Each structure stands twice: as structure tokens, then as C-alpha cells.
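Have a look at the structure below before the remarks.
The values are calculated or read from the model by the stated rules, or taken from the named source; none is laboratory data. Because the structure is predicted, anything quoted here is derived from the model rather than measured. Cβ placement follows ideal geometry from the backbone for every residue including glycine, while neighbour counts extend to all protein chains displayed.
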Amino acid sequence: MNPITHFLLGWTVANIDSTLVRKERVAITLAGVAPDLDGLGLVAEIMTRGSQNELLWWSTYHHTALHNLTFALLVAAVSFISTGRRLRVAVLAFISFHIHLLGDVLGARGPDNDHWPIPYLMPFSDAWKFVWSGQWELNAWPNFMITIVLLVICFYLAWKRGYSPLEMVSARADGAFVQTLRQRFPKHRNGHE
Ligand SMILES: [Zn+2]
């Protein structure tokens, strides 16, 4: 799946628990995008394409180097340590990471029909490569549908709880976004607010 879908999935996981604070939500959301850091080799690969010292970092490492249990545990540990050391943050970061892997198993097929197996036990073992023969393409309609549903959830949560992923960039932008939503769709007043 593309990074935007992964990001929105991570954000949804981060909102499972409404008691989390901003930095905990950030950690859990980023845990859902973290595996694709192994795709950054694409930059090096494009820049050196056709040269004598071609770096095939994308072809070699994407969907392998960081799409595995070892990195999942590391990401969960970093999430745990860098926030308030609450176990639930580590658990949700771990889940967020695994939903990324699941998303890639379901729908990340490339144009060359590559099914991108997920080598779950790397770098320790080649066993347990997750692959699904029904995997749809990266640009197939289920990914668009999933992204749209996640956006609706994201907007609803912003309206309901008063924060959105914009909080990661600017509290002001986030506040303005929530205010706009609530002006457009006023909350029912029932005397409790
Ligand atoms: Zn991925």
C-alpha cells in the first residue's frame, strides 16, 4: 500500500485508545509507516542508475530490510521509551506496524507482477515469507476504497475528538481544521458539553 494509506491506518490504530496523548499518537502512527523506510534506497538507486557503481538499494532492500519482526520489536521499543513508557503504546505501535505488513501482503503488487513476499523472520531466517496469491496491485481500487474509508474515519475522529493528524505539524492548523469541521457539522447540544 502507499505511504498515505499506511499513515491513515496507523492514525486509526493510534485512535483506538482515546486516552493517548499527542506524542503517543505520533509514535503509533509513525510505527505504521516505519517499515517503508527501507524504500528510501530508491533515491540512491535512481541517482546512480546507469552509472558504473549502480546502487541497487531499492531492489535489494525494499520490503525486506525493515518489513520484519525484528524491526517491529525495535519500533515498539523506541515508541515505548520515547513516550511515557506505557505498555499500551508499545503494544499499539506493534499492532500498527503489523497492520502495515498486512496491508502490503494484501495490496502492494507491482506493475511487473511482483508479489513482494514479506520475509518476516529476516535477518535471522528465510522461513516464514508471507505472500498471498490474490494480492491486488498497488494502484487497484481496493486501495483507493480503503484510503477513502480511512479519510472519512479521520475526519469523523477530528470532529468528535478535536484533533487530527495535522497536530503533528501545527497545533494551530489542527485547531483551525477541527473548528471548520465543527462549524460545518455542528455538534448536537444536549446540555452535557
Ligand atoms: Zn511497506
The listed residue being at pLDDT below 95, under 18 Å from the mean Cα position of the chain (by Cα) and within 16 Å of the ligand (Cβ to nearest atom), out of Leu101, Leu138: Leu138
Can you pull out every residue in segment 132-143 that is exposed (fewer than 12 other Cβ atoms within 10 Å of the Cβ) and either closer than 17 Å to Ala72 by Cα or not polar (S, T, N, Q) (or both)? Gly134, Trp141
Going through Leu150, Leu121, Leu166 one at a time, which residue ends up being in a helix (DSSP H, G or I), within 26 Å of His62 (Cα to Cα) and not charged (D, E, K, R)? Leu150
State whether the residues of segment 170-183 include one that is assigned to a loop (DSSP other than H, G, I, E, B) and at pLDDT below 95. no
Any idea which of (1) under 14 Å from Phe7 (Cα atoms); (2) part of a loop (DSSP other than H, G, I, E, B) is the one Gly134 doesn't satisfy? (1)
Which residues, taken from segment 1-18, are in a loop (DSSP other than H, G, I, E, B), of a type outside the set (A, V, I, L, M, F, W, C) and either within 16 Å of the ligand (Cβ to nearest atom) or in contact with a Cys (Cβ under 8 Å, 6 or more places away or on another chain) (or both)? Asn2
Restricting segment 19-64 to residues that are hydrophobic (A, V, I, L, M, F, W, C), crowded, with 17+ Cβ neighbours inside 10 Å and not in a helix (DSSP H, G or I), the residue that is farthest from the ligand (Cβ to nearest atom): Leu20
Could you run through segment 74-114 and say how many residues are buried (at least 16 other Cβ atoms within 10 Å of the Cβ) and not in a helix (DSSP H, G or I)? 5
From the options Ser164, Ser79, residue that is in contact (Cβ under 8 Å) with a residue 40 or more places away in the chain, under 18 Å from the mean Cα position of the chain (by Cα), away from the ligand (no atom under 16 Å from the Cβ) and within 21 Å of Thr5 (Cα to Cα): Ser79
